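Engineer: Take a look at the following structure, please.
The values are calculated or read from the model by the stated rules, or taken from the named source; none is laboratory data. Here the structure is a predicted model, which means the values were calculated and not measured. For neighbour counting, all protein chains shown are included, and Cβ atoms are generated from backbone atoms with ideal geometry for every residue, glycine included. Accessible surface areas use protein heavy atoms only, side chains included; no ligands, DNA or RNA. Shrake-Rupley method; radii C 1.70, N 1.55, O 1.52, S 1.80 Å.
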Amino acid sequence: PSDTLPVPVVSITPGQLYDTWGAARSGGRSHEGIDIFAPQGTAVVSATEGVVTSVGENSLGGTIVGVVGPGREWHYYAHLDAHSPGLAENQRVAPGDTLGFVGTSGNAAGTPPHLHYGIYRADGAVNPYPRLAP
């Protein structure tokens, strides 16, 4: 896997990011990713090349997309307003391909629109912030 990744939200720069990794969450959980705030409907793009493994919904993430990228890392894109039309599991994607659009689905209802972006390896979640920040 690359040591650096592009910000997966169109028009958001690394300088606009905040490291929300590890912040307290409901139910005694800690935040396993970062939140990237942007206007509702802003395009969410793949940070890596890979294969789409999930296009669906879950209770916490709401509308989500998962992509397995280099090094078998799983990139998790959550709280989407919608998936990109035609996006399907087993589809190959390249960096910059549109996956969906920033929203407030799942447990983000009532919060400012944002993308929850997480990276998971076989041994658990890793903080994406150092790879996205300048």
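Engineer: When the residues of the stretch 50-64 are filtered to those that are open to solvent by 20 Å² or more (accessible area, probe 1.4 Å), in contact with an Asp or Glu (Cβ under 9 Å, 6 or more places away or on another chain) and among the hydroxyl-bearing types (Ser, Thr, Tyr), which remaining residue is nearest to Gly103 (Cα to Cα)?
Structural biologist: Result: Ser54.
Engineer: Could you tell me which residue of the stretch 1-54 is nearest to Asn107 (Cα to Cα), considering only residues that are in a loop (DSSP other than H, G, I, E, B) and free of Cβ contacts under 8 Å to residues at least 12 places away in the same chain?
Structural biologist: Taking the candidates together, the pick is Arg25.
Engineer: Against the condition modelled with pLDDT of 95 or more, more than 12 Å from the chain's Cα centre (by Cα), open to solvent by less than 20 Å² (accessible area, probe 1.4 Å) and under 17 Å from Pro6 (Cα atoms), how does Val67 come out, does it pass?
Structural biologist: Considered against the rule, which asks whether it is modelled with pLDDT of 95 or more, more than 12 Å from the chain's Cα centre (by Cα), open to solvent by less than 20 Å² (accessible area, probe 1.4 Å) and under 17 Å from Pro6 (Cα atoms), Val67 comes out as no.
Engineer: OK, next. Taking the condition within 22 Å of Gly27 (Cβ to Cβ), without any contact (Cβ under 8 Å) to a residue 40 or more places away in the chain and not charged (D, E, K, R), does Gly66 pass?
Structural biologist: Considered against the rule, which asks whether it is within 22 Å of Gly27 (Cβ to Cβ), without any contact (Cβ under 8 Å) to a residue 40 or more places away in the chain and not charged (D, E, K, R), Gly66 comes out as yes.
Engineer: Could I ask something else about it? Being surrounded by 12 or more Cβ atoms within 10 Å (Cβ to Cβ) and among the basic types (Lys, Arg), is that true of even one residue in the stretch 86-95?
Structural biologist: Checked against the condition, which is being surrounded by 12 or more Cβ atoms within 10 Å (Cβ to Cβ) and among the basic types (Lys, Arg), the stretch 86-95 yields no hits at all.
Engineer: Whether any residue in the stretch 75-82 is farther than 19 Å from Asp3 by Cα, surrounded by fewer than 20 Cβ atoms within 10 Å (Cβ to Cβ) and without any contact (Cβ under 8 Å) to a residue 60 or more places away in the chain is what I want to check.
Structural biologist: Within the stretch 75-82, one or more residues are farther than 19 Å from Asp3 by Cα, surrounded by fewer than 20 Cβ atoms within 10 Å (Cβ to Cβ) and without any contact (Cβ under 8 Å) to a residue 60 or more places away in the chain.
Engineer: Is it fair to say Glu57 is outside any loop (DSSP other than H, G, I, E, B) and touching a residue at least 40 places away in the same chain (Cβ under 8 Å)?
Structural biologist: Against the criterion (outside any loop (DSSP other than H, G, I, E, B) and touching a residue at least 40 places away in the same chain (Cβ under 8 Å)), Glu57 qualifies.
Engineer: Examine the stretch 110-127 for a residue that is in contact with a strand residue (DSSP E or B) (Cβ under 7 Å, 6 or more places away or on another chain), open to solvent by 40 Å² or more (accessible area, probe 1.4 Å) and assigned to a loop (DSSP other than H, G, I, E, B), and state whether such a residue exists.
Structural biologist: Yes, the stretch 110-127 contains a residue that is in contact with a strand residue (DSSP E or B) (Cβ under 7 Å, 6 or more places away or on another chain), open to solvent by 40 Å² or more (accessible area, probe 1.4 Å) and assigned to a loop (DSSP other than H, G, I, E, B).
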